[in-house]
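*Asks:* Pasting a structure below so you can have a look.
Readers should treat all values here as calculations from the given coordinates under stated rules, not as data from a laboratory. Not measured: the values here are computed from a predicted model. Neighbour counts run over all protein chains shown; Cβ positions are idealised from the backbone, glycine included.
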Amino acid sequence: MKIVEVRHPLIQHKLGLMRRAGISTKEFRELASEVASLLTYEATKDLETVEQRIDGWAGPLTVHQIKGKKVTIVPILRAGLGMLPGVLDMIPAAKVSVVGLQRNEETLEPIAYYEKLTGRMDERIALIVDPMLATAGTLVATVDMLKAAGCKRIKGLFLVAAPQGLKRIEAAHPDVEIYTASIDERLNEHGYILPGLGDAGDKIFGTK
Ligand code: PRP
Ligand code: URA
């Protein structure tokens with residue numbers, strides 16, 4: 001399975017800022033989006049391009065354009081919305097397929113409550129975005145949904161991932177590619193990532 005911990009200095013710096021206790025909603029939100037842009041750059045490195053003849057300012061020339069149908073970004077409600085602007089900055093023409101899942105705080109199992117996918121999922125690369133990959137229950141359920149809709153190529157972008165969750169997604173869906181700004185140490189007894197970021201949704205939306 002392809003798991004990439006993107007150790008670019010800009011990503012590491014920004015993630016370090018996000019880990020500070022007492023960070024403001026504004027700063028956390030801005031940084032989540034900035035790191036998402038940088039992860040997108042890394043995760044799209046291998047997209048195929050095709051040559052196209054165009055009329056340039058000085059005459060005809062050949063340029064390279066991304067092949068096939070537009071990418072679809074899949075933000076997982078609610079915290080994934082915090083990464084969406086940064087991904088759209090890099091791929092402004094992407095289609096957005098929103099899914100809503102929330103972990104039950106006791107069982108840690110996800111409950112799906114929303115799904116609105118764009119058309120022709122079988123012809124698109126899906127970029128799932130969610131700040132946290134903890135037990136991976138949410139990610140496995142999201143990939144199940146996307147595959148049921150015909151999706152064949154799926155990548156996931158995360159700010160922080162836990163080793164336990166990475167093992168689970170590898171067992172369930174080894175074909176999915178994971179790009180994360182950090183692989184952290186472990187989960188605590190409540191399923192939170194350590195050292196992690198705390199509750200990413202609350203920090204992005206300013207709740208609690
Ligand atoms: C968080 C996070 C992931 C999920 C990760 O969302 O944004 O979606 O938990 O946990 P898992 O890997 O153990 O499934 P949460 O359920 O707190 O919902 P929210 O985004 O609405 O805050
Ligand atoms: N969801 C979060 O927001 N944070 C975690 O550490 C785990 C799940």
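*Asks:* Are there any pairs, at least 6 apart or on different chains, whose C-beta atoms fall under 8 Å, with the first in the stretch 89-113 and of a type in the set (Asp, Glu) and the second part of a loop (DSSP other than H, G, I, E, B) and surrounded by fewer than 17 Cβ atoms within 10 Å (Cβ to Cβ), and if so, which?
*Replies:* Going by the 8 Å Cβ cut-off, the qualifying pairs are 105/190.
*Asks:* Let me ask you something else. How many of the residues in the stretch 33-60 are of a type outside the set (Ser, Thr, Tyr), closer than 23 Å to residue 123 by Cα and in contact (Cβ under 8 Å) with a residue 24 or more places away in the chain?
*Replies:* Here the count works out to 4.
*Asks:* Taking the stretch 171-207 only, how many residues are within 22 Å of residue 40 (Cα to Cα) and loosely packed, with under 15 Cβ neighbours inside 10 Å?
*Replies:* Adding up the residues that qualify gives 2.
*Asks:* Restricting attention to the stretch 185-208, and to residues there that are near ligand 2 (Cβ under 8 Å from one of its atoms) and of a type in the set (Gly, Ala, Ser), which single residue is nearest to residue 110 (Cα to Cα)?
*Replies:* Among those residues, the one meeting the criterion is 191.
*Asks:* Given the criteria of a type in the set (Lys, Arg), within 16 Å of ligand 2 (Cβ to nearest atom) and over 24 Å from residue 146 (Cα atoms), does residue 29 qualify?
*Replies:* Taking the combined requirement at face value, the residue satisfies it.
*Asks:* Considering only the stretch 152-181, state which residues are among the small types (Gly, Ala, Ser) and away from ligand 2 (no atom under 12 Å from the Cβ).
*Replies:* Passing the criteria: 156, 171, 172, 181.
*Asks:* From the list 118, 138, 142, which residue is of a type in the set (Val, Ile, Thr), over 21 Å from residue 196 (Cα atoms) and touching a Lys or Arg at 6+ places or on another chain (Cβ under 7 Å)?
*Replies:* It is 118.
*Asks:* Inside the stretch 174-206, can you point out the residues that are more than 20 Å from residue 29 (Cβ to Cβ) and aliphatic (A, V, I, L, M)?
*Replies:* 176, 178, 183, 187, 194
*Asks:* Do you know which of the residues in the stretch 61-83 that are without any contact (Cβ under 8 Å) to a residue 60 or more places away in the chain and within 16 Å of ligand 2 (Cβ to nearest atom) is nearest to residue 44 (Cα to Cα)?
*Replies:* My answer is 75.
*Asks:* So which residues in the stretch 98-121 are acidic (Asp, Glu) and either within 11 Å of ligand 1 (Cβ to nearest atom) or farther than 27 Å from residue 190 by Cα (or both), if there are any at all?
*Replies:* Listed by number, the residues that qualify are 105, 109.
*Asks:* Is there any pair linking a residue in the stretch 185-203 that is assigned to a loop (DSSP other than H, G, I, E, B) to one that is exposed (fewer than 14 other Cβ atoms within 10 Å of the Cβ) and among the hydroxyl-bearing types (Ser, Thr, Tyr), with Cβ under 9 Å and at least six apart or on different chains, and which?
*Replies:* Correct list of pairs: 199/207.
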